[in-house]
Structure formats: C-alpha cells, structure tokens
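Engineer: Before we start, here is the structure in question, set down as structure tokens.
The values are calculated or read from the model by the stated rules, or taken from the named source; none is laboratory data. No experiment lies behind these values; they were computed from the predicted model shown. When we count neighbours, we look across all protein chains shown, and the Cβ atoms used for this are built from the backbone with ideal geometry, even at glycine. Keep in mind that these areas ignore ligands, DNA and RNA; they rest on the heavy atoms of the full protein, side chains included. Shrake-Rupley method; radii C 1.70, N 1.55, O 1.52, S 1.80 Å.
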Amino acid sequence: MSKVQSLEELRKMRDQLRNDLDLREKSNDPESVIQIRVSMGTCGIASGAKETMSTLIYELNRQKIPAVITQSGCMGYCKQEPTIEITMPNSEPIIFGHVNSDRANEIIEKYIKNGELVADIIPINFSTPY
Amino acid sequence: MKDIAFHISDITENSLGAGATEISIEIDLRTPNKLEVIITDNGCGMTSEVVSSLSNPFYTTRTTRKVGLGIPFLIQSCEQTGGEVVIESAVGKGTLVRFSILTSHIDAPPKGDIASALAMLMTGNPSIEFSINIHLQNETFLLKSSEIKSELGDIPISFPQVTLFIESQLKLFI
C-alpha cells in the first residue's frame, strides 16, 4: 500500500508557507488571512462551483495571496449559484453570486486586491430564514 | 451533473450535511471499463423508509425547497450505463453509498477531474477526517487527512498550495 510519496515535499511546503505568510506570529489570529467559502450543494456543483473553486485555488496560489478556501453546503441562494462568501481580515463577510471562473478572477482583482465592490453581491445584512 | 467528479462531490456533500466527522471515499478501478465508487460516512444515517424514498426527486429533508435532485441524478447517470446505485444506512451509525458506472457505455458521463474534486473536498472541509482509497490493478493508494495535517502542523490544510499539492499526488493515480 503506497502512501503519499513526497512527504518531504509537503514538509518543505509547510516551511515555505510559514515563511511566506509569517504565520507563526499570526496563527493565534485566524482573522489574519482571507477566508473564502464556496457553496457546494447540488445546485452549486451543477452550476459550476467546482471550476470556480479551482480558479480561486489556482489564482490565489499563483499570486501568492494568503487565503484559505473551504467549502460549504447550499447557502440557500440556489438561483444565484455559484456563490462564494469572502471574509477579508477584520471585515464583514460578503457573498457574491453568479461567480464563474471569469468573475472569480474579476473578484480577486477588484475586491480582494483593491477593495472595490463588483456586481452581483447578495445582501446578507438582513436576516434570512436559512 | 456534467461528470463523475461532480457526482462524487455531491454525494460527499450529503455526508457533510448528515453531520459526519469521518468520510471514506474509495475509488475502484480494478475492473476494466468500470468505475466503482464507495462513499462511507459516520453521519446520522437514515431509516429504511427514508432510504427507499431517496430515488424520488420530490423527496427532501430540506425545508428551504421541495426538491432533492442529487441522488436521482446519480441514479440516472449510473443506470443509463448499466451500472447501479446501492445505499445502505443505519440511524446513528452512518451511510454507505456505492455506485458503479460502466465507462465503456456510450451514455457514460466523462470522468471529469476526480483528483481535483477529491483534493477540494479534503482541503475544503478541514474539520472532517477524509480517507481516500484508490484501488488500481496492482496497487492501492491511500491518503488520509490526518496524515497531511500532522505534517502541516499549524499550517491550515485549506491553503491553495496544499490543495494543489494533494491534487498533484492524486493525479498520479487517477
């Protein structure tokens, strides 16, 4: 039974990530990196959430933007799928709808890097029954 | 659902919804022209009445809307190739979903990017213990969340770089 072949590679990556992100000091503060949740219910997956998540993973890694990307279930915005929720450090979360790969890139460029808002934001400040 | 990778993500999502903390995904490629997937969880499980109504798209436990399409879509994708879907569940113990697709059949959906789907499941749900088994003709590849996490230490598993690494490891096998 073969295991992960390059654990060594994984350790190197860990050390490099530590350096890159200076996490050692910040690790007590989970708010210090950008948190992104991709909605992956049946509705999200069927509308292409997987490509959206792939694009985010690829681009954020390429541009060395410190972020963690996780999945969530259906957030109840099936009509606007794929949807993603972005929580910038020390900010309120914002949900974006209709995020295909192109829009994911646009959101990285405009919102994540420059703090500009882009179209199709789903207001979440009012309480929803979900 | 465009491909088999989508189905795997979708069925695993059900396990997450059932409150599972451990999920095992086995992909069996030992039989030529057949792909079998077994997803086992330790979630809340279902009664036999619920299991028997799963094929009905108008059955759902959700209260937000009236349809549940994940399992019906899966049944369609499998049965149209001559494969099958088997679901076993026990309340309080967990659920097993086994499905097979005859990949040589003209109606078989494409495989899709299974490595990427598995990597995203594992790193996208950092609190869940995933165990991924890929059975090939002569060998078995086993990857566990715990193994990765213990190597990473205080670095979260959900960093894009980690996802890409796991994906590259899985791509060697699937």
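Engineer: Of all beta bridges DSSP finds with both residues in the protein assembly as shown, what is the antiparallel percent, to the nearest 5?
Structural biologist: 70
Engineer: Oh, and also: Mind running the shape call on region B:109-174? Use the C-alpha gyration tensor, a ≥ b ≥ c as the square roots of the eigenvalues: rounded below 1.5 for a/c, prolate if a/b tops b/c, oblate otherwise.
Structural biologist: Prolate, because a/c is 1.5 or more and a/b exceeds b/c.
Engineer: Sticking with this structure for a sec: Under a 1.4 angstrom probe, counting protein chains only, how are B:Arg98, B:Arg30 ranked by accessible area, largest first?
Structural biologist: B:Arg30, B:Arg98
Engineer: Moving on. Using the Karplus curve 6.51 cos²θ - 1.76 cosθ + 1.60 with θ = phi - 60°, what ³J(HN,Hα) values do you get for each residue of region B:25-32, in whole Hz, with x for Gly and Pro?
Structural biologist: Karplus values, whole Hz, x for Gly and Pro: 10, 10, 10, 10, 10, 6, 8, x.
Engineer: While we're on this one: Counting partner chain Cβ atoms within 10 Å of every residue's Cβ in B:145-152, what's the average?
Structural biologist: 3
Engineer: Between B:Ala90 and residues 5 or more places away or on another chain, which pairs have amide H atoms under 5 Å apart, with H built 1.01 Å from N, and which residues are they?
Structural biologist: B:Met46
Engineer: Carbon and sulfur: what percent of the protein assembly as shown's accessible surface (1.4 Å probe)?
Structural biologist: 49
Engineer: Jot down the per residue volume, in cubic angstrom and as a whole number, of the convex hull over the alpha-carbon atoms of the protein assembly as shown.
Structural biologist: Residue-normalised Cα hull volume stands at 137 Å³.
Engineer: Taking the Cβ of B:Ala90 as the center, what net charge do the other residues with Cβ under 14 Å away carry, scoring Lys and Arg +1 and Asp and Glu -1?
Structural biologist: -2
Engineer: Round to the nearest 0.05 the FRET efficiency obtained for B:Glu147 and B:Glu88 when R0 = 25 Å and r is the Cβ-Cβ distance.
Structural biologist: Efficiency, from the Cβ-Cβ distance: 0.35.
Engineer: Right, next: Mark the label point 7 Å from the Cα of B:Leu96 along Cα→Cβ and return the residues of region B:102-141 whose backbone N is within less than 17 Å of it.
Structural biologist: Correct set: B:131-135.
Engineer: Taking beta carbons within 10 Å but only from partner chains, what does the mean come to for residues B:112-119?
Structural biologist: Mean partner-chain Cβ count within 10 Å for B:112-119: 2.
Engineer: Probe radius 1.4 Å, ligands and nucleic acids left out: which of B:Ser146, B:Ser116 has the largest accessible area, and how do the rest follow?
Structural biologist: B:Ser146, B:Ser116
Engineer: How much of B:Phe73 can a 1.4 Å solvent probe reach, expressed as accessible area in Å² and rounded to 10?
Structural biologist: 60
Engineer: Could you give the semi-axes, largest first, of the ellipsoid that matches region A:34-122, computed as the square roots of 5 times the alpha carbon gyration tensor eigenvalues and rounded to whole Å?
Structural biologist: So the three semi-axes of region A:34-122 are 19, 14, 12 Å.
Engineer: Let me make sure I get this right: for chain B, a, b and c are the square roots of the gyration tensor eigenvalues over alpha carbons, sorted descending. Under 1.5 in a/c it's rounded, otherwise prolate if a/b > b/c, else oblate. Which is it?
Structural biologist: Oblate, because a/c is 1.5 or more while a/b does not exceed b/c.
Engineer: Using θ = phi - 60° and the Karplus curve 6.51 cos²θ - 1.76 cosθ + 1.60, what whole-Hz ³J(HN,Hα) does each residue of region A:11-20 get, with Gly and Pro shown as x?
Structural biologist: Values, residue by residue: 5, 4, 4, 4, 5, 5, 4, 4, 5, 3 Hz.
Engineer: Roll a 1.4 Å probe over the protein chains and send me the accessible area per residue for chain B in Å².
Structural biologist: So chain B comes to 42 Å² accessible per residue, rounded to a whole number.
Engineer: A further question on this structure: Ballpark to the nearest 100 Å², how much total accessible area do A and B bury together, probe 1.4 Å?
Structural biologist: What A and B bury together is about 3800 Å².
Engineer: Where Lys and Arg each count +1 and Asp and Glu each count -1, what net charge lies around B:Ala5 among other residues with Cβ under 9 Å from its Cβ?
Structural biologist: Around B:Ala5, the charge tally is +1.
Engineer: Quantify how strongly other chains surround peptide A:69-78 by giving the mean number of their Cβ atoms within 10 Å of each of its Cβ atoms.
Structural biologist: 5
Engineer: Okay, moving on. Compare B:Cys44, A:Cys78, B:Cys78 by solvent-accessible area with a 1.4 Å probe and give them largest first, with all protein chains kept in place.
Structural biologist: If we order B:Cys44, A:Cys78, B:Cys78 from most to least accessible, we get B:Cys44, A:Cys78, B:Cys78.
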